Each structure stands twice: as C-alpha cells, then as structure tokens.
Amino acid sequence: MDSDRIGDRLAWRSAAIDAVGQPTEQFRPSPANLVAGVIIGLLLGGGGLAILAFGAREVIQVGGRMPLAVEGRISWLAVGIMSLISIGLTGSGILLLRWVYSTSSLRVSLCPGGFFYESAARTVAFPWDQIASVTETILHERVPLAKGIAKYAMPRVTSRSFLVCRSGGEEFAFGRNTLGRSDRLGETLREAARQRNIPWEVDERYD
C-alpha cells in the first residue's frame, strides 16, 4: 500500500513537472507555525481532558447523588457545562493537530511555466496560461492583547493571503499560516499576473 502511494505521488509530481517545468524554488510551511500549532493543540486537548476528569471525579465522589442545579456546589448542570466545555476544547485541539499534520506535508514548487503544490493527498499544477484569476486579501488587524476601547491603542498588524483560481475550477489558497515566505511567492505571482494580464483582485479588510 505504501509503495503504491509513493508511486502515485512520483507520477503526480512527474506530470506536474511536465506541465510547468523543473522547480526553481520551493516553499514549505514555517516550522515555527507548525510547532506553535502542535503546542496549542496539545494544550487545548489536555485542558479539555482535564476538565472532563475533574467533572467525573466530582460525580464519583458523591456517588452521583447531586441536585439538578445549585449555586456554589457541584450539580448535574455544572457537570453538563463542564462536559460541553471539555468537548469543545478537546475537539478544537484534535482539529488543530489534524491541520498541522495535513499542512506539514505541503510543498509549493515555483517553476518557469507556473507552479505546483504537493500535499499528502494530491499534486496539482497551475501553469501560468491556465490561471484565471488571483485574489489577494490584505487584512489589517490589531494585536489581540487588549479589549474594549484599549484595543484601539494597539498597533495594527498586516497580513496577506492569496487565492489562485485555475481554469476548470481548481483553486489553491495560501498565506503566512500555511507557507513560510508566502509574501515572496505572492510577489512572484503578482509579477507573472502583470506580464500575462491575469486578473488580480485586492480585497482589503480592517478588523
């Protein structure tokens, strides 16, 4: 099974190179982002499990004899709320870890005739002459370290993400959360779009 998958990936890569040429530069996810994602995912999952364990311990200690709802004491309502919080935190942690796993295999290769991306599931080529449009989203957001009116004293941080649409409906989105040096790839796309009259739309947002 593994040998079949490796063979498929090699065949997909060969087909992509035939379409856009030999890679001249490669882009990968930022290791710092992947490590941060793993740490946050583990913290979320661990926090959720800890809350669930606390609630279960309280139920066991009282033998399940608790009122439906009472202020300041353990109750079935409190256990239910803790269970919901636990499920939310644990589920978020699992989803984040799955995102890290899937993103870690992402590779984008820049080539003379376009680019192609490789993931665990597929390899897709985007020849320059088949790109229908590019949408650049510029997000200006304040550092989330303060709330209320105080947040307006915080500086804005600008980030860019890109959505590349190929004829036939294939799309590829990337930004700094998924690729290291994503702005460098974005500038290359911008220059290719300018030279080939590829429609380029800018969506600027303020948070």
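The table below lists the values:
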{"quantity": "Among the residues listed as S86, S105, S92, the single one being within 26 Å of A36 (Cβ to Cβ) and loosely packed, with under 14 Cβ neighbours inside 10 Å", "calculated": "S105"}
{"quantity": "Subset of region 94-116 [in contact with a strand residue (DSSP E or B) (Cβ under 8 Å, 6 or more places away or on another chain), small (G, A, S) and either without any contact (Cβ under 8 Å) to a residue 60 or more places away in the chain or not in a loop (DSSP other than H, G, I, E, B) (or both)]", "calculated": "S105, S109, G114"}
{"quantity": "Region 47-65 residues that are within 15 Å of I81 (Cβ to Cβ), paired with ones that are surrounded by 11 or more Cβ atoms within 10 Å (Cβ to Cβ) and modelled with pLDDT under 85 (beta carbon under 8 Å, 6 or more apart)", "calculated": "G55/A78; G55/V79; E58/I74; E58/V79; V59/M66; V59/I74; V59/V79"}
{"quantity": "Positions within region 4-62 being within 30 Å of P127 (Cα to Cα) and of a type in the set (K, R), in sequence order", "calculated": "R5, R9, R13, R28"}
{"quantity": "Filter pass, S83 being in contact with a Ser or Thr (Cβ under 6 Å, 6 or more places away or on another chain) and polar (S, T, N, Q)", "calculated": "no"}
{"quantity": "Single residue of region 151-197 satisfying the filter (small (G, A, S), closer than 13 Å to F115 by Cβ and out of contact with any Asp or Glu (no Cβ under 8 Å at 6 or more places or on another chain)) that is surrounded by the most Cβ atoms within 10 Å (Cβ to Cβ)", "calculated": "S182"}
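The values are calculated or read from the model by the stated rules, or taken from the named source; none is laboratory data. Keep in mind that what you see is a predicted model, and the values were worked out from it rather than measured. Here the Cβ is made from the backbone with ideal geometry for all residues, glycine too, and neighbour counts use every protein chain on show.
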